[in-house]
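Read-outs throughout are calculated quantities, based only on the coordinates presented, and are distinct from any laboratory measurement. Since we're looking at a predicted model, the values are computed, not measured. Using ideal geometry, Cβ is built from the backbone for each residue, glycine included, and neighbour counts are taken over all protein chains shown.
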Amino acid sequence: MALEMLSPALILLLAAVLIGLTRGHARTAVVLLAPLITLWAVWQVPDGVQGTVKFLSYQIEPVEGSPLRRLFATVFAIMVFVGGLYAYRLARWYELAAAFAYAAGAVGVCFAGDLITLFLYWELMALFSTVVVWCGGTAAARAAGIRYAIMHLLGGVVLKVGIEGVVVGTGSIQIQPMLAHDFSTWMILIGILINAAAPPVSAWLADAYPESSATGSVFLSAFTTKTAVLALILLFPGEPVLVGVGLFMVMYGIIYALLENDARRILAYSIVNQVGFMVCAVGIGTQMALNGAAAHAFAHIIYKALLFMSAGVVIYRTGKHKCSELGGLFRTMPLTTVCGIIGALAISSFPLTSGFTTKSMISQAAIDESLVVVYMLLTAASAGVFLHAGIKFPWFVFFQRDSGLRPKDAPWNMGLAMVLFAGLCILLGVYPELLYDLLPYPVEYVPYKAGKVLFYLQLLLFSGLAFFVLLPLMKRTQTISLDVDWLWRRAGMVLLRWVLRGLDALGAMFDRTRERARQFAGRMTARYLGQPHTADSQERAVFARSWATGTTALWIAVLLSIYVLLYYL
Amino acid sequence: MRNVDEQLHWLVRPATIRKLWIGFIAVLALVVLAEFVVPIKGYFSVDDWFGFGAVYGFASCLLMVLVAKALGVLLKRPDDYYSKADTLDEMAQSETGEHTDGA
């Protein structure tokens, strides 16, 4: 097999194995070098299909390059490197190995030239991300991991059904733009949207990610939802349904994050919110919108990982994750606070951060298409992001009241990882051309126009004012918020209990009836056959008595006569 | 009083917080007034008026917080809601308030 047909994903997969086989510095070298080699390999993949392999009767295309695919693979490789740097001293080897195999799945999807290859890497991600969730190590993490696995395996089955249908219908396993117009394409769309945490199953994300370890959630935040965005760009650009789905996700993320008390769960809900922007952009489907979706995914992976890193440091140092138990940490954790704030500003698309230069492309796409309602909702959502993630997260974790906690700041490797990503957030905000040059379509967009910057400053600063004015309404409560998963986590269980109780009642009724039938049969036996213990013929019932021989002979004669009669009739 | 103030981190002293508020309000006023110098181009007729960004940002946040608050009444549960009931009986009990004899 030719070398160019080997996906860069295999490097990470090999590294995952090596992490298990090596120890100490050798393992550190694998963790830090493999992502860099992957990054190099990603940029060696030329455009177009790199050869085919025949499998059954299908032409499998293990590697296909394009600017869009390289863009996603690039940010995934960078993510693995910085995530590895952040995690390698704290995470157990099997968590690192699982995270690398999970990332290999994501990179594999980037270069998958056909639906079958895509599906294989898709499942690889599902399996190893579940292991990463389990590495949280608590009973809650195990339970959440099982729910997570069920959801993703279900999503995989739905995707597979769709792929089979499309292959049977069109005879082609090519990855090419389609619209959801029949059963098979709908199944593919739904399978992908499950991974994007779209409604009605958004809950898996906020359920599972915050249960993973301080390091695990950094990896989890990056890959699954963003590969789903890539798959949507490749398969469903301009699918109108996605606009509505995306807008719903945007609002859902804000509302739930506002209600949430767990620091990492706030961030998890804001992933749904941010992916909503991208899904909406894919639905708009113009070159500007798709550029925006891709650029925003790139920037999002970096600032979201940065936010999860700062939350991870807090959890590692304090062991606490609820906003109601945290606060005032800026005193002893200045670096983590500053990096957290930079991530928070970037997610809020503050000017001079990567969020501003990428998310505003999506708004611009809505303007270009004269989608007034979409534009107004996205703008309101931008304000809402500043509210729920931009201020709420750093405020409740690092400021608000003094919790009395005086933890140490981040260990050097975690600090370095955060500084790298914080630097990238600002770099891409100040020099957006670095990212624009990598986008799939030519960019003529100018993010920094005085009027636009001023508009965003007004929008965001007055959201900030709203936050502090409405602070009394946002008192932290020790609560969670019910989601659609209540249906199977609780309602389904209660229903199951009722069914079990019904079956119990049915069983009891059956037992009673059987007992009654037995007693009835006993009484009949006693009446006609008599009690077994009575020897006296007078006490015996009618069939159990001794009869005179003559009577018997008479009965036999009668029976024979009847028989003869019947025979001749 | 002065001693208590000095024990606090400078950033959380009431005096500092007052200054931060004054500064913040000044910046807010500035970004609105700057619109006289730097005109903001509205894209549609609805967003083409003075101070739109400020009003829209504040109003949409107010609305979102109120909606969240209202939904919270319906959706919020104690954070041990899912973890405290291990058996089906306990779940049914916490849902319906009925009592079952642990058998």
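Residues of the range A:478-500 with an amide N closer than 14 Å to a point placed 7 Å from the Cα of A:Leu154 along the Cα-to-Cβ direction: A:483-493. Here the calculated FRET efficiency for B:Arg18 and A:Asp409, from their Cβ-Cβ distance with R0 = 35 Å, stands at 0.75, rounded to the nearest 0.05. Per-residue ellipticity at 222 nm from helix content only, as computed over chain A with -39500 (n - 2.57) for each DSSP H run of at least four residues, stands at -22500 deg cm²/dmol.
The HN-Hα couplings worked out from phi for the range A:69-81 by the Karplus form 6.51 cos²θ - 1.76 cosθ + 1.60 (θ = phi - 60°) are 5, 5, 4, 5, 4, 4, 5, 5, 5, 4, 4, 5, 5 Hz, whole numbers, x standing for Gly and Pro.
The modelled label-to-label distance for the pair A:Tyr568/A:Glu444, using points 7 Å beyond Cα in the direction of Cβ, is 11.6 nm. Is the range B:2-77 best put as rounded, prolate or oblate by its Cα gyration tensor, with a ≥ b ≥ c the root eigenvalues, rounded for a/c under 1.5, and otherwise prolate when a/b is larger than b/c, oblate when not? Oblate. In terms of other Cβ atoms within 10 Å, A:Val133, A:Val218, A:Val372 run from fewest to most in the order A:Val372, A:Val133, A:Val218. Averaged over peptide B:66-78, the number of partner chain Cβ atoms lying within 10 Å of each residue's Cβ comes to 5.
Length available on full extension from A:Ala508 to A:Leu434: 0.36 nm per residue minus the Cα-Cα distance, which gives 19.3 nm.
Take each residue in A:249-259, count the other chain C-beta atoms within 10 Å of its C-beta, and the mean is 3. The gain in end-to-end length when the A:Ser172 to A:Gln519 segment is fully stretched comes to 117.9 nm, 0.36 nm per residue minus the alpha carbon separation. Distance distribution note for chain A: the fraction of Cα pairs above 39 angstrom is 35%.
Taking label positions 7 Å along the Cα-Cβ direction at both A:Val17 and B:Trp10, the computed distance is 5.8 nm, reported to one decimal. With the cut-off at 1.5 for a/c, could you classify the range A:294-443 from its C-alpha gyration tensor as rounded, prolate or oblate? Here the range A:294-443 falls in the oblate category.
Taking packing as the residue-averaged number of other Cβ atoms within 10 angstrom, the listed peptides A:199-207, B:45-53, A:412-420 run from highest to lowest as A:199-207, A:412-420, B:45-53. Rounded to the nearest 20 debye, the dipole magnitude of the range A:489-568 is 700 debye, with +1 charges on Lys and Arg beta carbons, -1 on Asp and Glu beta carbons, and the Cα centre as origin. What you get for the range A:1-236, charging only the Cβ of Lys and Arg (+1) and of Asp and Glu (-1), is a dipole of about 660 debye around the Cα centre. Counting only other chain Cβ atoms within 10 Å of each residue's Cβ, the peptide A:370-382 averages 3.
Dividing the C-alpha radius of gyration of the range A:200-300 by 2.2 N^0.38 Å, with N its residue count, gives 1.05. Ordering B:Phe44, B:Ile17, B:Val27 by Cα displacement along the dipole of the range B:2-77 toward the positive end leaves B:Ile17 in first place; charges were set at the Cβ atoms of Lys, Arg (+1) and Asp, Glu (-1). Rounded, prolate or oblate: which one fits the range A:1-236, using the alpha carbon gyration tensor with axes a ≥ b ≥ c (rounded when a/c is under 1.5, else prolate when a/b beats b/c, else oblate)? Oblate, since a/c reaches 1.5 and b/c is not below a/b.
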